[in-house]
Amino acid sequence: SLVSGEGRAVVFATGMKTEFGRIAHLTQAAEKTVSHLQIEIARLSKLVAIFASALGLVFFAIGALIGLPFWANLMFAIGIIVANVPEGLLPTVTLSLAMATQRMARRNALVRHLPAVETLGATTVICSDKTGTLTENRMSVRRVFCAGMLFDANPLAEGFAAGHLLRNAANCHNLKRSQRDGGEVWLGDPMEAALRDFAGQHGERGDGQRLGELAFDSDRRRMSVIVDNDGARWLYCKGAPEVVVQLCAQVDHGGSAIPLGEQRRQQIALAQEAMADSGLRVLAFAYRKLAPEEIPAERELVFSGLIGLHDPPRPEVPEAMARCRSAGIKVIMVTGDHPHTALAIAREIGLVSSAQPTVLLGEAVRKLTPAQLQIALDSPEILFARVTAEQKMLVVNALRNKGEIVAVTGDGVNDAPALKSAHIGIAMGVSGTDVAKAAADMILLDDNFASIVNAVEEGRAVFENIRKFLTYILTSNIPELLPYLAYVLFRIPLPLTIIQILAVDLGTDMLPALALGAERPEPCLMRQPPRPTHERLLSWPLLARAYLWLGPLQAAVALAAFFFILHLGGWQYGEFLATTDPLYRQATTACLAAIVIAQMINVFLCRHPRVAAIDFPLTRNSLLALGLGVELALILA
C-alpha cells in the first residue's frame, strides 16, 4: 500500500500468474463435494415421491375396480398419497442443523455452511496443525545454543556472550509497537514476541534502524532484515536450521568469526536434535556485515546460534485425543515444524504411543506417487513435518481417495486450497486469515482442537436426530393408511378423513417431530466408530420398526377406538353413515384422538431405539415438553 510520495515498480506477473492468482486457481480447481446428508435427503425425497405416487395410483385403480364414484375414489387416492409423505422432513432437517450450529457456537465452533454440521459427524480423519491448535501458541525461550555450548535460557548461565544472536532476536521480526494499559506491548507472531522479550531481558533493545527486509515464506523458510547500527549495515537472518546453516560459511565464536567446518555443522545438528526431542521449536540465527554499496543477499553468513522455544500443549487436548480414539477418528498432525519437535509434542498430548510412528517430511510427500502416499497413510500412527500448503493438499487428496471423510485445519492464505479440498475445512478464528475463513466450512473461535471434537459430537447427533424424526413421522403413516384400506376392502365408513390426516401431519405432529430434531448428543455417541459412508439415512431397521411394529400398534389402537364409538352408538356392519351424522363424526374424532395420543407416547419411544424412555427426562429437551403441550391443546380444541 502506497500512502504518499512516489515510487517505481517493476511488474513481472499479473492476474493468474501472480502468487495470489496461483492460490486462487488451486482454490477454484478444488471441487466442493455435496454432503452425505444432501445426497440422502435427495434420495429420500425421490423414494417418498415415487412410493407415495405409485401407492396412490394402485389404490385409485383398486377403487375404480370395486366401483367407487370417481370423486370419492380420487379423494381416496389423494389421502393415500398424503398419508405417505413426511411433510415435516425438510423443516426438521433445517431446524436440527440450525440447533446444532447454535450449540456448536456456544462451544466455540462457528459453522458457515449448514450441511457441514452432519458431515462432521461422519468424519474419520482430522488433519490438524500443531501451533495454536494443539498447542497454546504462547511461546517462551527455553534453551540457547551458541559458541558451541547449550544453555538453559532461564536462568541464563554465566559466560553467555552472544551479542549478534541477541541483536538478531531483537531486530528480525514483524512486530508492531502498541500502547496498552499504560505500557508498551509488541503485537504480532507470539514466536517473534518471545524472541524479542528474550533479547530485552538481556539488555538488547533492537534500536537499530531497519532499512529493508527479505520476507519469510513457506518455501524459503527464513526471513532477513537489513539494519543500520551506528552507521554500519547488518543483515540479520532467522529461520529453519537446515536452511539457514546451509547459507553459513563461518560461525560466531566468542565475538569473532571462524570457519564453519563439517565438525561444527554436526555439532549444530546434534544441538538442534536435542532441543527438538524436548518438544522445542528450534530456530537458527545468522548475520553478515554489508559493505556500503552492497546489495543485500543471504550468502556467506556467520552462524550465531540456535534458540529453542517452548509452546505448551493445550491442557484439554489429551482428553480430546482420547475421545477421538474411542470414537474411531484418526488424528494426523500436519505441521511445518521439525519432525523431532512434532513427535515430542505428539507424544506429550497422546497422539502417538508406539515406539516407531511414521514421520514423513514434506519433501518426501512431494516425491511420492499418489498410490505410495495412500499406502503410507495406512500406518496407524503417522505425522507430517516440514510440510508446505501444497503438500498438505496432497495429503488431503490422498485421504479422500482412500474413502476417508476428512476434516482439515488451516489459518494461512496458502491453506485455502486444502481447506476447500477437504470434506470439512476448519479455519482458525483468532490467527486465521480472511482467505482461509472464506474457504472454510467452520471457524474455530478459540483455535482449539478440543472444539473440533465437540463439533464432531454435535454432527453425529444431527444424523441420529433426523433418524429419530423419521421413525416418529413414518410411524403415523400406517394408522393413516390402514383406515383407507379398511374403507375400501371391508366397506366400512371411512375412519379418518383427509383433513384429519393433514391435521396430524401438519398440525399435531409437527412440533414434537421438530423437537426430536433438537435432541442433545447422547454421552455414548463418542464411544462409537464413525458412521460408514455407505450407510443410508432411511435404513431397513428403521423402516421395519416404524412400518412393521410401532405403526401397526398405532393403527390397531386407532381402529379400535373408531369401532368402539360406533358400537356404543348402535352401528351395525354394512350400515351406511352420512359424513354429517353425529355418530360418524364422533367415531372419526375418536380415531384421530387415538392416533395423536399414540404419537405422544411414540415420541418418547423414538428418543432412543434401545434405552428406556424414563432415562431421558423432559428437562433434557425443553422444546419436547412445549411440543407435547401444543399437541395436546390442538387435539382438545
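Quick notes
- Backbone N under 11 Å from the LEU187 label point (7 Å along Cα→Cβ), restricted to segment 368-410: none
- Sequence ranges 81-94, 39-52, ranked by mean other-Cβ count within 10 angstrom, highest first: 81-94, 39-52
- Average projection, convex hull of the Cα set of segment 428-510: 8.5 square nanometres.
- Computed extension length for ILE66-SER256: 57.5 nm, one decimal, from 0.36 nm per residue of separation with the Cα-Cα distance subtracted.
- A dipole drawn for the chain from +1 and -1 charges on Cβ atoms has a positive end, and of ASN174, ILE635, PRO91 the residue lying farthest that way is ILE635.
- Length added when fully stretched, HIS25-PHE12, from 0.36 nm per residue minus Cα-Cα: 2.8 nm
- With a Förster radius of 35 Å applied to the beta-carbon distance between LEU636 and ARG400, the computed FRET efficiency rounds to 0.05.
- Percent of alpha-carbon pairs separated by more than 17 Å within segment 359-506: 72 percent
- Per-pair calculated FRET efficiency, R0 = 60 Å: VAL3 and ALA322 via Cβ, rounded to 0.05: 0.70
- For the chain, the longest principal axis of the alpha carbon atoms and the long axis of helix 89-106 meet at an angle near 30°.
- Acute angle (nearest 10 degrees) that the helix 317-326 long axis makes with the longest principal axis of the chain, alpha-carbon atoms: 40 degrees
- Within the chain, helix-based [θ] at 222 nm, where runs of 4 or more DSSP H residues each add -39,500 (n - 2.57), nearest 500: -14500 deg cm²/dmol
- Label-to-label distance for THR579 and PHE564 is 2.7 nm, based on points extended 7 Å past Cα in the beta-carbon direction.
- Take each peptide in 532-540, 436-444, 595-603, count the other Cβ atoms within 10 Å of every residue, and average; sorted highest first, the result is 436-444, 595-603, 532-540.
- Cβ-defined net charge surrounding LEU247, 11 Å radius [Lys, Arg +1; Asp, Glu -1]: +1
- Modelled label positions at ALA54 and ASP197, each set 7 Å beyond Cα in the direction of Cβ, lie 6.9 nm from each other.
- From most to least packed by mean Cβ count within 10 Å, the peptides 407-418, 118-129, 364-375 give 407-418, 118-129, 364-375.
- Seen against the Cα atoms of the chain and their longest principal axis, helix 477-490 is set at about 20 degrees.
- In this structure the chain gives 46 Å² per residue of accessible area when probed at 1.4 Å with all protein chains present.
- Computed from the C-beta positions of ALA371 and LEU489 and an R0 of 56 Å, the FRET efficiency is 0.35 to the nearest 0.05.
- Compactness ratio for the chain: Cα radius of gyration over 2.2 N^0.38 Å (N = residue count) comes to 1.33.
- Shape analysis of segment 190-260 places it in the rounded category; the axes a ≥ b ≥ c from the Cα gyration tensor give an a/c below 1.5.
- For the chain, carbon and sulfur atoms together expose 60% of the accessible surface, with a 1.4 angstrom probe and every protein chain in place.
The values are calculated or read from the model by the stated rules, or taken from the named source; none is laboratory data. This one's a predicted model, so the numbers in the text were calculated from it and none came from an experiment. Cβ sites come from the backbone with ideal geometry, for glycine too, and all protein chains shown count toward neighbours. Each accessible area value is taken on the protein alone, full model and side chains, heavy atoms only, with ligands, DNA and RNA left out. Shrake-Rupley method; radii C 1.70, N 1.55, O 1.52, S 1.80 Å.
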